[in-house]
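*Asks:* Got a structure here, written out as structure tokens. Questions coming.
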Amino acid sequence: MSATFMESDSLQMVVFRLEDEEFGVPIQFIKEIIRRPDITHLPNTPGFILGVINLRGEIIPIISLHTKFQMGNDPLDDTKVVIVEVGDVTVGMQVNDVNEVLTLSGGQLSKPPAMASDIRSDFIAGVGKLDKRLMIILDVENVLSDEEHSIMRSITEEHEAVAQPVA
């Protein structure tokens, strides 16, 4: 994804906040944004998986980007969930707040900074610059590893099978 948007004339994205940092997700991945509903917690899942919600009959796993990105504890009050389509799985990402939808031109987009080789940074598609603001643009297709993506798919399929009415 990063090469594609870096070569484009502009990028429209949803900007959200985790702690004091701003992040952006290209709008084509956004399904919807909701207030944090009650979450059903699941035992024996990785720590960044908060649980699942039932959104109009669809079971959606909710992840904590705070935990995933090692940014401290999740706030519990007045948070939002950004629902994204990641390949064949719909996932909710809990964030502090959603700030805005904006469009950045090619000149406002930079490649991701070089990171130490032992730091996983493949989920960073680039950096957006707007006036004095910097925002990390997420490559949502790489926020989850292949194994984590499989876990999300399993959670969704398992819970949807349970929710199906018996004939």
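No value in this document is a laboratory result; all are computed from the given coordinates. Quick caveat, the model's predicted, so the values are computed rather than measured. Virtual Cβ from ideal backbone geometry, glycine too; neighbours counted across all protein chains shown.
*Asks:* For Leu76 and Ser145 in the same chain, what is the full-extension length gain: residue separation times 0.36 nm, less their Cα-Cα distance, in nm?
*Replies:* 22.3 nm
*Asks:* Normalise the Cα radius of gyration of region 1-110 by 2.2 N^0.38 Å (N = residues in it) and let me know the number.
*Replies:* 1.12
*Asks:* Taking the Cα centre as origin and putting +1 on Lys and Arg beta-carbons and -1 on Asp and Glu beta-carbons, what dipole magnitude results for the chain, to the nearest 20 debye?
*Replies:* 300 debye
*Asks:* Restricting to DSSP loop positions (anything but H, G, I, E, B) with no more than 15 other Cβ atoms inside 10 Å of their own Cβ, which trypsin sites (Lys or Arg not before Pro) remain in region 122-155?
*Replies:* Here the trypsin sites (Lys or Arg not before Pro) that fit, given the DSSP loop and packing criteria, are Lys132.
*Asks:* Hey, another quick one. Compute the acute angle (0 to 90°) between the alpha-carbon long axis of helix 146-163 and the principal axis of greatest extent of the alpha-carbon atoms of the chain; round to the nearest 10°.
*Replies:* 40 degrees
*Asks:* Further question: Hand me the tally of lysine pairs in the chain: alpha carbons under 21 angstrom apart, and the pair either on different chains or 8 or more positions apart. Don't jump to the answer; show the numbers that get you there.
*Replies:* Working: Lys31/Lys68; Lys31/Lys80; Lys68/Lys80; Lys111/Lys129; Lys111/Lys132.
Going through the chain pair by pair, I get 5.
*Asks:* A follow-up question, please. Which order do the peptides 141-151, 81-91 take when ranked by the mean count of other beta-carbon atoms within 10 Å per residue, highest first?
*Replies:* 81-91, 141-151
*Asks:* HN-Hα J couplings of region 22-31 from phi, Karplus 6.51/-1.76/1.60, θ = phi - 60°, integer Hz, Gly and Pro as x?
*Replies:* Rounded to whole hertz, the list is 9, 10, x, 10, x, 4, 5, 8, 7, 8.
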